[in-house]
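Reviewing the structure listed below.
The values are calculated or read from the model by the stated rules, or taken from the named source; none is laboratory data. No experiment lies behind these values; they were computed from the predicted model shown. Every residue, glycine as well, gets a Cβ built from its backbone with ideal geometry; the counts of neighbours run over all protein chains shown. Ligands, DNA and RNA are excluded from the accessible area calculation, which covers all protein heavy atoms including side chains. Shrake-Rupley method; radii C 1.70, N 1.55, O 1.52, S 1.80 Å.
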Amino acid sequence: MCSSLYFIFSLLLFSRVDCLKDPNIIIIGAGASGIAAATRLYQNGFKNITILEAENRIGGRIYAFQFGEAYIDLGSQRCRGQENNVVYEYNEEIRARWKNDVNKLAVAEDCLDVFRKWVETQEGSFSWFNIAATNSYEVCGGKLALGWNGLGYKTILDVMMQKFLDSKSPIPIDDKIILNKVVEKVLWASPDRTEIKCANGASYSCDHVIWTPSLGVLKHSYKTLFQPQLPIEKITAIKAIGMGAILKIFLHFPKRWWNDDFERIIYVWNSSDLQRSGGAFLEGPQKEGKSWITAMSSILPVPKSPNLLSAWFGGEFVPDIEKSSDETIMNGIMYTLQTFLSVDYPNISLPNKIIRKNWYTDPHFRGTYSYETVESRKLDKPQGEIISEPLLSEEGKPVLLFAGEVTNPIHYSTVHGAIESGFREVDRLINFYKHSK
Ligand SMILES: Cc1cc2nc3c(=O)[nH]c(=O)nc-3n(C[C@H](O)[C@H](O)[C@H](O)COP(=O)(O)OP(=O)(O)OC[C@H]3O[C@@H](n4cnc5c(N)ncnc54)[C@H](O)[C@@H]3O)c2cc1C
């Protein structure tokens, strides 16, 4: 009797110890950072994991989609770095340099507009006046625009889950992911467990939460998502860092009408083009006499997809373009193709399919990627670092941890930055358990 009691007691004791070693961890979001965190946790022996994902797919802002002959990336597509950033005194410099030559100054100003669009598309900002002239981003060495050979950026998710190239030992986290679960509330200060409440009424409790949704989601919902409220420094950081959007529109043509010399078209709109663009004949949003179509920064063929072109839009028109119909968008793009290219390409045909992903209006993203603003640079340290700081229980346990691209002060806005942030938060937990009794 005594020995069986001892056995039960030691089992309880054992499972308590085991439970401490295998805490219940919930990851919110199955994007790059969430999948990175889950795979690293699993590899380090933490198996008690659940991933709650609002969408009906994993990947988040990695969204490769079979369209036409190959995969296209509606979200992230290049393994990239970034060059040094916007110098918005540029405008003055151009004026000073060509002030005595009116014609050259006009061309320079038109080209400056191209540069503005390039910067806004690169940074995902609605205005280049918000973008900080310096930032804490560190450019990775090597090539800055590596593609995925027609397989799409989703390949990186398979690599992390060890599913790539018929791997014999995939990391089994698929059955830990629960799709279509929109987290509405994280109650993080209860003495024992953190509670999570979802939109469909489901609730979960756990020892640790790793939050990964975008800065856009934080900006929109930080007041209602967390109970108690986030500390004031975090709220300041969430407000200060920028998050706008770019828009990629893919057009599939029944027949390829361009040749191999067509690498990328960058439009330079002079003032008479602009006036024409704003005419009533071109439907869709307008601002100050300019049509939305002038927000197209470039149009280019899609690698491995012979019949596809992708048109890139950046800047203040993006939210309005997202709300426009496919027909309006297609008519506008065809207008520019015909206006600018019909001499070289008399056989431009109509596309038979068009596809886009509206990142800004999607409540699970509310933008494409974060950038440092003039405002965030005025604060004393990279604000992503402040968002990344975990919130602790009274006993000093990290109960609410933050990952995701915005929390990476040196590689924000990228997939590799998101992955690093997922790894970082798991290392934080590993460290915590290494040093706790
Ligand atoms: C159009 C576009 C082009 C890009 N181009 C590049 C590029 O060329 N190179 C590059 O490196 N990066 C690029 N990026 C950026 C890159 O995609 C992101 O930095 C990265 O994928 C972000 O990963 P994440 O895990 O931080 O966030 P996310 O991918 O946003 O993952 C967060 C997840 O949380 C989920 N979620 C949101 N709210 C909730 C909720 N309430 N409850 C539960 N789940 C929720 C979301 O659905 C999402 O799946 C691009 C992004 C876009 C959109």
Filtering the range 250-266 down to residues that are within 25 Å of the chain's Cα centre (by Cα) and part of a loop (DSSP other than H, G, I, E, B) yields R264, I266
Check L179, L225, L251 and return the single one that is aliphatic (A, V, I, L, M), in the same structural domain as Y345 (by TED's automatic domain parsing), farther than 20 Å from S421 by Cα and modelled with pLDDT of 95 or more. L251
Collect the residues in the range 347-398 that are under 26 Å from I27 (Cα atoms), out of contact with any Asp or Glu (no Cβ under 7 Å at 6 or more places or on another chain) and among the polar types (S, T, N, Q), keeping them in residue-number order. T368, Q383, S388, S393
Does E395 satisfy being modelled with pLDDT under 95 and either within 16 Å of the ligand (Cβ to nearest atom) or in a helix (DSSP H, G or I) (or both)? no
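Go through the range 290-375 and tell me which strands (runs of 3 or more DSSP E), entirely inside it, have 3 or more residues that are within 13 Å of the ligand (Cβ to nearest atom) and open to solvent by less than 50 Å² (accessible area, probe 1.4 Å).
Details: elements: 296-302, 305-313, 353-356.
Strands (runs of 3 or more DSSP E) meeting the threshold: 305-313.
When you look at V426, is it modelled with pLDDT of 95 or more, not assigned by TED's automatic domain parsing to the domain that holds M330 and not in a helix (DSSP H, G or I), yes or no?
So V426 fails the test.
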For S272, which of the numbered conditions (1) in a loop (DSSP other than H, G, I, E, B); (2) at pLDDT below 95 fails to hold? (1)
Starting from the range 58-76, keep only residues that are in contact (Cβ under 8 Å) with a residue 40 or more places away in the chain and within 13 Å of L151 (Cα to Cα), then list their pairs with residues that are of a type in the set (S, T, Y) and within 7 Å of the ligand (Cβ to nearest atom) whose Cβ atoms are within a distance under 6 Å, requiring at least 6 positions of separation or different chains. I62/S76
Which residue pairs have Cβ atoms closer than 8 Å, lie 6 or more positions apart in sequence or on different chains, and pair a first residue in the range 411-422 that is without any contact (Cβ under 8 Å) to a residue 24 or more places away in the chain and within 7 Å of the ligand (Cβ to nearest atom) with a second residue that is among the hydrophobic types (A, V, I, L, M, F, W, C) and open to solvent by 10 Å² or more (accessible area, probe 1.4 Å)? G417/I410
